[in-house]
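Participant: Provided herewith is a single structure, encoded as structure tokens, for subsequent inquiry.
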Amino acid sequence: MTQIAAIHAPGLENIIVAETTLSHVDGQKGELILRGKAIDDIAGKQSFEEAVCHLWQGLLLPSQTNLTPAFGTARLKAFQAVEQLAPLAKELSVIDWMRLGLDSLTIDEDERTNAVELTAALAVFLTSARRLKQGQTPITPDPEAGFSKDLLFMLHGSEPDKEAIDAMDRYLVTILDHGLNASTFTARVVASTLSDMRSCLSAAIGALKGPLHGGAPGPVLDMIEDIGEPKKADRWIEQELNAGNRLMGFGHRVYRVRDPRADVLKEGLKSLTHLTDRIEKAQAIEQAALKALKRHKPDRVLDTNVEFYTAVLLDAIGFDRTLFTPLFAVGRSAGWAAHVIEQQSAGKLIRPQSRYIGPSI
Ligand code: ACO
């Protein structure tokens, strides 16, 4: 059998398959840069729309420079699809219903318009699916409202307070883009075939929902609730690690130090003063986990990743665990869309090799 000289890298570590101007993850320094700005200089300081504008520089149509009304109009358009899909909301998970929603939309010819419309639509589908599942009526979007404010309004049906809006913006900006993570890579693979934006985003959602990627924050909350009292943390964590289980919310493929997004989200908790007790409990559990991981895996730096404080922050602003991954998809969709446009305009078909280890002829 002819063997082709190729590198065998099952997790594609240290393989560069794209050049990007969008974001850079420096795993050694613990730094995340979005188009020349550190994540700490954007998250907590800009609204989601402003941060998307920053990320999408050069990718937007002249009519899209103010994204608040563009997203608002797109939310209203997406809402028209909700009634027709409503009967399936109870059967499907929120994230699967969101994908169905994407498939049902009438799509424009221009991928930059689609980027705006699909990102906005995901917020509408998340909130509508959730309400339908609970037997509530979906709420019509307010096209004038900011993205985060309207998302919270469509979910809860009441005016959100400023702390919650700020926390939502901080979260959505923090997770906007992150190099070639598994879901972004998936979007780029599909884009590399010159497929359309909707298909790229739909495939990316499929990659995101796995527990090793965007599905981790739900189990983080399970862990915090299972442990209950911080004094029980050491024993609980020890049992998990001895059983060979992973602690969700810790470890990262690229970061060899702390994930900077964990700190950005942790910082956002400071303004939620009415929840100090719950936050302190989570921090105590985090410290116990870090100590145990150091003992169990002394050769590997396993620090807190974005998912740990995602769970704590989203729980604090009224999102239950079934909505964590769907919300991740809403924020990250703007990052995926930018990568899709970049890949479609400058990339090459992504087509790696496999090594055949089956029987010979
Ligand atoms: N808890 C316990 N042990 C861990 C953890 C963890 N959270 N993470 C890694 N390890 C251990 C592994 O068991 C392995 O040990 P071994 O060498 O003795 O077998 C070693 O560390 C290396 O693990 P890999 O899976 O090779 O590391 P990789 O870089 O592929 O994993 C990953 C990264 C998948 C995120 C991993 O750290 C993990 O499973 N974490 C928990 C899930 C999680 O929090 N996911 C969210 C990631 S952030 C995001 O995607 C948005």
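Participant: Can you tell me which residues in region 253-268 are buried (at least 22 other Cβ atoms within 10 Å of the Cβ) and in a loop (DSSP other than H, G, I, E, B)?
Facilitator: Listed by number, the residues that qualify are Y255, D259.
Participant: K281 - would you say it is touching a strand residue (DSSP E or B) at 6+ places or on another chain (Cβ under 9 Å) and more than 14 Å from the ligand (Cβ to nearest atom)?
Facilitator: Spelling it out, it is not the case that K281 is touching a strand residue (DSSP E or B) at 6+ places or on another chain (Cβ under 9 Å) and more than 14 Å from the ligand (Cβ to nearest atom).
Participant: Can you spot a residue in region 31-38 that is loosely packed, with under 12 Cβ neighbours inside 10 Å and either of a type in the set (S, T, Y) or part of a loop (DSSP other than H, G, I, E, B) (or both)?
Facilitator: Step one: list which residues in region 31-38 are loosely packed, with under 12 Cβ neighbours inside 10 Å, which gives 36.
Next, from what is left, pick out any that are either of a type in the set (S, T, Y) or part of a loop (DSSP other than H, G, I, E, B) (or both): 36.
Yes, region 31-38 has at least one match.
Participant: Please work out if S345 is over 26 Å from W97 (Cα atoms), more than 15 Å from the ligand (Cβ to nearest atom) and in a helix (DSSP H, G or I). Walk me through it before giving the result.
Facilitator: Values: over 26 Å from W97 (Cα atoms): yes; more than 15 Å from the ligand (Cβ to nearest atom): yes; in a helix (DSSP H, G or I): yes.
Yes.
Participant: Has region 3-15 got at least one residue that is under 22 Å from I205 (Cα atoms), more than 16 Å from the ligand (Cβ to nearest atom), of a type in the set (A, V, I, L, M, F, W, C) and touching a residue at least 24 places away in the same chain (Cβ under 8 Å)?
Facilitator: Taking region 3-15 and keeping what is under 22 Å from I205 (Cα atoms), we get 10-13.
From what is left, the residues that are more than 16 Å from the ligand (Cβ to nearest atom) are none.
The answer is no, given that none of the residues of region 3-15 is under 22 Å from I205 (Cα atoms), more than 16 Å from the ligand (Cβ to nearest atom), of a type in the set (A, V, I, L, M, F, W, C) and touching a residue at least 24 places away in the same chain (Cβ under 8 Å).
Participant: Still on this structure: Here is a check on your reading of the model: is D299 among the acidic types (D, E) and within 30 Å of G157 (Cβ to Cβ)? Don't jump to the end; show me each part of the working.
Facilitator: On the way: among the acidic types (D, E): yes; within 30 Å of G157 (Cβ to Cβ): no.
Spelling it out, it is not the case that D299 is among the acidic types (D, E) and within 30 Å of G157 (Cβ to Cβ).
Participant: From the set of residues in region 182-205 that are touching a residue at least 40 places away in the same chain (Cβ under 8 Å) and not in a helix (DSSP H, G or I), which is farthest from the ligand (Cβ to nearest atom)?
Facilitator: Going through the qualifying residues, I end up with L194.
Participant: Which condition does S195 not pass, out of (1) at pLDDT below 95; (2) more than 25 Å from Y309 (Cα to Cα), if it passes all the others?
Facilitator: (1)
Participant: Please determine whether any residue of region 100-115 is aliphatic (A, V, I, L, M), more than 16 Å from the ligand (Cβ to nearest atom) and free of Cβ contacts under 8 Å to residues at least 40 places away in the same chain. Let's see the steps before the verdict.
Facilitator: Within region 100-115, the first condition is being aliphatic (A, V, I, L, M), and the residues that meet it are 100, 102, 105, 107, 115.
Subset that is more than 16 Å from the ligand (Cβ to nearest atom): 100, 102, 105, 107, 115.
If we keep only those that are free of Cβ contacts under 8 Å to residues at least 40 places away in the same chain as well, we get 100.
Looking through region 100-115, at least one residue is aliphatic (A, V, I, L, M), more than 16 Å from the ligand (Cβ to nearest atom) and free of Cβ contacts under 8 Å to residues at least 40 places away in the same chain.
Participant: I've got another one for you. Would you confirm whether or not region 222-236 contains a residue that is modelled with pLDDT of 95 or more, crowded, with 22+ Cβ neighbours inside 10 Å, among the aromatic types (F, W, Y) and in contact with a helix residue (DSSP H, G or I) (Cβ under 7 Å, 6 or more places away or on another chain)?
Facilitator: Scanning region 222-236 turns up no residue that is modelled with pLDDT of 95 or more, crowded, with 22+ Cβ neighbours inside 10 Å, among the aromatic types (F, W, Y) and in contact with a helix residue (DSSP H, G or I) (Cβ under 7 Å, 6 or more places away or on another chain).
Participant: While we're here: Scan region 290-300 and tell me whether some residue there is under 24 Å from Y171 (Cα atoms), more than 16 Å from the ligand (Cβ to nearest atom) and touching a residue at least 12 places away in the same chain (Cβ under 8 Å).
Facilitator: The initial filter retains those residues of region 290-300 that are under 24 Å from Y171 (Cα atoms), namely 290.
Now drop any that are not more than 16 Å from the ligand (Cβ to nearest atom), which leaves none.
Taking every residue of region 290-300 in turn, none turns out to be under 24 Å from Y171 (Cα atoms), more than 16 Å from the ligand (Cβ to nearest atom) and touching a residue at least 12 places away in the same chain (Cβ under 8 Å).
Participant: If you go through region 206-229, how many residues are in contact (Cβ under 8 Å) with a residue 40 or more places away in the chain and within 12 Å of the ligand (Cβ to nearest atom)?
Facilitator: Qualifying residue count for the region: 9.
The values are calculated or read from the model by the stated rules, or taken from the named source; none is laboratory data. Quantities reported herein were computed from a predicted structural model and do not represent experimental measurements. Cβ sites come from the backbone with ideal geometry, for glycine too, and all protein chains shown count toward neighbours.
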